[in-house]
Amino acid sequence: MQRRGGKRIRMDDPPPPEYESPMTPMTPLDGSGTELQEPYTPYTPYSNQPATPLHTGSDMYGNSEYSEATASQAYQQQQQQQLYEQQTQQFDVQQQQTLSSYDQTGQYDQPPTPVNMVTRVRVTRARVRAAAAAAAPPPPPPPAAPAPMTATVVTTRRGGLAVEEPKKRRPGRRPMSELMAEDENSLYYIIRQGKVSLQAVVDDWIESYKVNRDAALLSLMQFFINASGCKGKITSYMQASMEHAAIIRRMTEEFDEESGEYPLIMTGQTWKKFRNNFCDFVQILVKQCQYSIIYDQYLMDNVISLLTGLSDSQVRAFRHTATLAAMKLMTALVDVALTVSVNLDNTQRQYEAERQKARDKRASDRLESLMSKRQELEENMDEIKNMLTYMFKSVFVHRYRDTLPEIRAICMAEIGVWMKKFHQNFLDDSYLKYIGWTLHDKVGEVRLKCLQALQPLYASEELKGKLELFTSKFKDRIVAMTLDKEYDVAVQAVRLVISILKHHRDILTDKDCEHVYELVYSSHRAVAQAAGEFLNERLFVPDEEAVAGIRTKRGKKRLPNTPLIRDLVQFFIESELHEHGAYLVDSLIESNEMMKDWECMTDLLLEEPGPSEEALDDRQETSLIEIMVCCIRQAATGEPPVGRGPTRKILSAKEIKQVQDDKLRLTEHYIQTLPAMLDKYRADPEKLANLLSIPQYFELDIYTTSRQETNLDLLLKKMASIVEKHHDTDVLETCAKTLELLCTDGNAIFTRCDVARSTLIDMVVNKYKEAVDDWRSLIEGEETPDEDETFNVVYSLKKVATFYNCHNLGNWGIWDSIFKDISDAKDGNKTLPEEAVRYCISAGFFAILWDLHHLEEVMESGANGSVQLQQLKSRLHTFMDTMKEMLMSGQNQSYMEEAYLTLCDLLVVFCEQLASNSQLVDLVYEPDRGLQIQLNDFIQNYVFIMEEDDEQDEHSKIEELHKRRNFLASFCKLIVYNMMPTKVAADVFKHYVKYYNDYGDIIKATLGKAREINKTNCARTMAISLTMLFRELQRDGTRINRQSEDFISLKELAKRFALSFGLDAVKNREAITALHREGILFSVNPLENSEDPTGPPPNLPFLEILTEFTNKLLKQDKRVVLTFLDRRIAAGMPSSRGEDWQPLLMYRNSLVHGETDQPPVTSKRAYSRKKKEYAAEEEEQGEEAEEATSDQEFNTGRKRRLLSSRSGKRRVQQQHQPHKERKLDVRVVKHEKPQSRGKKCSENAMLLSSEPSIQEETSLSHLSMTPSSGKNSKQQHSFLTSTRLFGNSGHRSFVTNDFTVTGYQND
């Protein structure tokens, strides 16, 4: 056979070496981890020799090398084959002569690595035809080409190409216009556009292949090249005269790799569709060619050879695209093999049926036909298996451990398909080992593909026998992957373990199962629900026989889910996570119907156990009630517990319908059973707190529609009885909340519930009044109240405060009594018990909130609420003053904590936002400086403290920490919502590093919000924090040791602050420069050292702290800051090279670093400009402007004074400017006495002046300098400068040594 293009298929060529020393996917091929350095592995051309993966008796998964047979046998070739060899050798000689002038670098093609394999030559009819064709005289070789040529390709039809004579062109790379031009009739263009069905595209290509197979093959090869993102063209001359390796090298040379993108990784709907079409095209092509063309030893030989070569390329695009095509080609061949297998079985069955007939009834011609057909099908099957084996060894074995994870993922996904479809050939340990090894891949997507490949194999009953060895070897790894850091991988691993449990139940140990059990409490919902499915398969298997004949004491038959719920309760108890019942319920509620079996749960609680049953103990009943209430909550709301919410928060219509149905069913059931349960557990606070929350999830209309008013009255009576007898906080709070929901206005049961509420509150208030009157009587009579009287007053106030939270008790007129007790406690006279005073403060707080709510309702109704407004204002200010005095007194820490929280919450409620309603403006309460200091002192004394009590148990420590975190969050809330200025947070920010473990998240969030409010203010607050800590180091008057632990901690804090600014230096430009200005002024003030007149300023070491922020400055700003520094302190002072001056040198060096990289600036004058008439004003205010060190929040006076006189001129200027692109016009006017102004005003040229943060970026401006000595002078100089220094202020001016510069921004 003589072939005109592509890699020649030599019958005696061995396949590539088998993978002998497997590397784990964790290790790159070259050990460097970069795919660019991956060594090029020469490929061996495809040879359709029969070969299958070799099986050995050794351990397939151990560390021993995977061995294969190395025996080699020689076979005598047939005469036709020898003739073929002679012809091809002649063609080789002529071809090499042609290529010698085309390409002089022959080192690119490395010879294939020889390997000893068992070879077997199969004589097929196709080979006989090929040999006959090879016996014909070969066509003349193509003429030698002294220079590279281009071929003009003329398209006859879609996919069919006719080749014209090559036209000579100038040597070298093709012009870009030729490379970029797309052939609209090419396969790549048609498939990428997706306007024509792939079936039609394939049919047209097959027709063109029948007409001219060389041209059709060329178009297919070009498709794979273009699909890789390469614009190079394969000419017919290249196809006929060059090896595939040479073609690939030429395409590599013409590959534009600058962008790094190619179709398979490009984003967008078009490219996503192309990826799908690319895969489908390969599979449809093989499917349409499966009966003849794939066996012609031309198409598949060339395609496999080309894809094998491309898959070995160092170019990632070629390697990725070719691997995908090769894997999809193998999948398509697997489908063909299955079809051939079915046909072979049918033919064999027909042949056997015909052969078993009697001789006189047997049709000999039909027997021969069936035998011939069977032989042909067997040959076809062998050839397909040869192709699959060759591609597996040539492509898969090398690419499954490629450095690119996408390629590894493709390999794992496709091998799973082969194993599922063609398990007779691929579901074997010699193939399964690749998946087992890749389970350890470092990329989650690859691990996920491995698990997805295994999932259908374990789900099949007929395949489980072939997986026993693999399961025993890799079971531990699969179980460990349930804890994978990638949640998708963990979910898939749990599902795979479930499949293993179903088909290999004995292989999982109890310890393996416990690993999965714990995942039902995972914070990730999908993982938890998958673990819930495992629980259903392992523990909660329904068994109706288990409850057969079991009845309760009164004869009621137990429901089938009874033993399962008992097991669930026991599982919950043994897990020892009793505060996380909602998470266990969420894991199971969608997969197990017992979670909504309300009757079964209530029967276990209410029905007495039968003679053959064991009663639930107290702990089991408590756990069952908690689980039941969690099930009710989730079924009625459809909302998962906190931390497990799905990404989409809107329920679908189906989910809403399910929630409504569940809510109706549980309401109908618990309306009747809840009063009985409340009565049974009326003495147990923990159970009551859960049971009392159930009505909050009722569909309240059911009470009237189902005629259940009697049960409603019974429920309300039970609640009143519970409130009267119980004093547990959870019980009272839950009861108050439930009563609030039952009394929702608009419900049919509102009137009935409102009457019951009034009765209940009457009882609560009357008991409070009685207890307080008795207490006061005893105090006035100078008697000491006993324990009962103390108990009555404390818990009556507790009930008042608890119900005041949910219900308005204003009509009962207890404000005066409550406030009197608070005032007495503040003064220390006739005080109530400490706990009672705290309840008084809480009740007073809620009383003010209810008064505000009532006032808003009155004003919304249109009535005049001035009287209520004045009353509320008076109460508010009186109450706030009392709280401030209580906070300041320091007599009782408990009072101080309650007063602190009350102040913070009331400041939030009565902030400036209340002024949005003009009628409520008088109620706005702004904290004065004294209150700010009080609140700050509280958190410094009671939050930022070191724990010294080692005897305290762990639980108490956690509770104490939560309380302190709540204090800090209340304070930071005032700063985040801009109720207190940012600078107040300086005392909080300074603790960022020291208390990072306890409060780092709160301080970090506050820092971020403060920066959003005003970047410059936040930066200056950071500077204040740093200077505070620096002063603390100096508090003893000792010299600062820059190597001390405290100083290093201060540098660490500065580093954290610097990191918080992020990477956008332009956005933070003014904030960073403001921080440097504050730091420099602090470092040089005072300039003189009282202890050592020749020594450095005492605060100079602070410059070392400031160095941490230097890398956040832009290059042009570093020079500005450096100039400002040099104006303040000279670098050449005496002894400036000593150790004490090192911070200054260090800071200067950090500013100078990188200065040579920036463009030269011609003058220091190009920062701002000002009109001549404002020069005197600038000089007068220069001294004052120098010393300003704070922004608008700290001291805005200087900016206002400097800009007030200019605002009028600026407005006039802007009115006469046409609307155009913003630019900066600058006139620089020379002064006659530069020295008199320069020293005073040079600092004012700095960006470091007090200005709000810059919001926009202006363009570069052309500045012209005109000497002021004469109006007609024509001396002008043009130069460029960055105008971001001007910001949006519109107008700035400063005086340099030689020029007054005034700038206007024109909009």
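Cβ-Cβ contacts under 8 Å between residues 6 or more apart (or on different chains), taken from a first residue in the range 1044-1064 that is closer than 13 Å to Ile1105 by Cβ to a second residue that is part of a helix (DSSP H, G or I) and open to solvent by 90 Å² or more (accessible area, probe 1.4 Å), are listed as Ala1058/Asn1111.
Given the structure, is Thr751 without any contact (Cβ under 8 Å) to a residue 24 or more places away in the chain and of a type in the set (S, T, N, Q)? So Thr751 fits the description; yes.
So that you can scan it fast, the table gives a plain yes or no per residue for (1) surrounded by 15 or more Cβ atoms within 10 Å (Cβ to Cβ); (2) aliphatic (A, V, I, L, M); (3) closer than 23 Å to Glu576 by Cβ:
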site	(1), (2), (3)
Thr602	yes, no, no
Glu608	no, no, no
Pro611	no, no, no
Glu614	no, no, yes
Glu621	yes, no, yes
Glu626	yes, no, yes
Ala653	no, yes, no
Ile656	no, yes, no
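In the range 293-322, the residues that are over 25 Å from Lys231 (Cβ atoms) and open to solvent by 10 Å² or more (accessible area, probe 1.4 Å) reach residues that are modelled with pLDDT under 95 and charged (D, E, K, R) with C-beta atoms within less than 7 angstrom, at least six apart or across chains, in these pairs: Tyr295/Glu383. Leu714 - would you say it is part of a helix (DSSP H, G or I) and of a type in the set (A, V, I, L, M)? Criteria met by Leu714.
Which residue, of Leu855, Leu849, Leu832, is at pLDDT 95 or above and over 21 Å from Glu724 (Cα atoms)? Answer to the selection: Leu849. Check whether at least one residue in the range 380-399 is farther than 23 Å from Asp301 by Cβ and buried (at least 17 other Cβ atoms within 10 Å of the Cβ), and report yes or no. No, the conditions are met nowhere in the range 380-399. For the range 290-313, filtering for residues that are part of a loop (DSSP other than H, G, I, E, B) and more than 20 Å from Trp418 (Cα to Cα) leaves 7. Here the range 492-507 is the region considered, the condition is being among the hydrophobic types (A, V, I, L, M, F, W, C) and open to solvent by 10 Å² or more (accessible area, probe 1.4 Å), and the residue that is modelled with the highest pLDDT is Ile498. Note on the range 399-515: enclosed helices (runs of 4 or more DSSP H) holding 3 or more residues that are within 34 Å of the chain's Cα centre (by Cα) are 405-421, 429-438, 444-459, 468-480, 487-503. Taking the condition open to solvent by 20 Å² or more (accessible area, probe 1.4 Å) and free of Cβ contacts under 8 Å to residues at least 60 places away in the same chain, does Leu715 pass? No: the conditions fail for Leu715.
Please enumerate the residues belonging to the range 857-889 that are surrounded by fewer than 16 Cβ atoms within 10 Å (Cβ to Cβ) and either in contact with a Ser or Thr (Cβ under 6 Å, 6 or more places away or on another chain) or acidic (Asp, Glu) (or both). Selection gives Glu857, Glu860, Asp881, Glu885.
Conditions (1) farther than 18 Å from Met300 by Cα; (2) open to solvent by 30 Å² or more (accessible area, probe 1.4 Å); (3) in contact with a strand residue (DSSP E or B) (Cβ under 7 Å, 6 or more places away or on another chain), marked per residue:
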| position | (1), (2), (3) |
| --- | --- |
| Val211 | no, yes, yes |
| Leu217 | no, no, no |
| Met221 | no, no, no |
| Gly229 | yes, no, no |
| Tyr237 | yes, no, yes |
| Ala240 | no, no, no |
| His244 | no, no, no |
| Ile247 | no, no, no |
| Thr252 | yes, yes, no |
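Taking (1) out of contact with any Gly (no Cβ under 8 Å at 6 or more places or on another chain); (2) of a type outside the set (Phe, Trp, Tyr); (3) crowded, with 18+ Cβ neighbours inside 10 Å in turn, Asp816 satisfies each apart from (3). Among the residues of the range 707-744, those identified as over 49 Å from the mean Cα position of the chain (by Cα) and more than 16 Å from Leu678 (Cα to Cα) are Arg707, Gln708, Glu709. Looking only at residues in the range 586-610 that are out of contact with any Lys or Arg (no Cβ under 9 Å at 6 or more places or on another chain) and in a helix (DSSP H, G or I), the one that is farthest from Lys557 (Cα to Cα) is Leu588. Of the numbered criteria (1) free of Cβ contacts under 8 Å to residues at least 24 places away in the same chain; (2) among the acidic types (Asp, Glu); (3) open to solvent by less than 40 Å² (accessible area, probe 1.4 Å), the one Asp586 fails is (1). When the criteria are applied in full, Thr339 fails the requirement of being surrounded by fewer than 23 Cβ atoms within 10 Å (Cβ to Cβ) and within 39 Å of the chain's Cα centre (by Cα). If only one of Ala1065, Ala1074 is open to solvent by less than 10 Å² (accessible area, probe 1.4 Å) and either hydrophobic (A, V, I, L, M, F, W, C) or closer than 12 Å to Leu1026 by Cα (or both), which one is it? Checking each option against the conditions leaves just Ala1074. Here Glu1045 meets each of (1) modelled with pLDDT under 90; (2) open to solvent by 30 Å² or more (accessible area, probe 1.4 Å); (3) closer than 30 Å to Ile1013 by Cβ with one exception, condition (3).
Would a scan of the range 634-646 turn up a residue that is open to solvent by 70 Å² or more (accessible area, probe 1.4 Å) and in a helix (DSSP H, G or I)? For the range 634-646, residues open to solvent by 70 Å² or more (accessible area, probe 1.4 Å) and in a helix (DSSP H, G or I): absent. Can Ala771 be described as at pLDDT 95 or above and surrounded by 15 or more Cβ atoms within 10 Å (Cβ to Cβ)? No: the conditions fail for Ala771. Of the residues Arg558, Arg525, Arg566, the single one that is touching a residue at least 12 places away in the same chain (Cβ under 8 Å) and surrounded by fewer than 18 Cβ atoms within 10 Å (Cβ to Cβ) is Arg566.
Restricting the range 407-448 to residues that are open to solvent by less than 10 Å² (accessible area, probe 1.4 Å) and β-branched (Val, Ile, Thr), the residue that is nearest to Gln314 (Cα to Cα) is Ile407.
The single condition from (1) more than 28 Å from Pro405 (Cα to Cα); (2) open to solvent by 10 Å² or more (accessible area, probe 1.4 Å) that Thr347 fails is (2).
The values are calculated or read from the model by the stated rules, or taken from the named source; none is laboratory data. None of these values were measured; they are calculated from a predicted model. Positions of Cβ are backbone-derived with ideal geometry, glycine not excepted, and every protein chain shown enters the neighbour counts. Ligands, DNA and RNA are stripped out before the accessible areas are found, and what is left, the full protein with its side chains, is counted by its heavy atoms. Shrake-Rupley method; radii C 1.70, N 1.55, O 1.52, S 1.80 Å.
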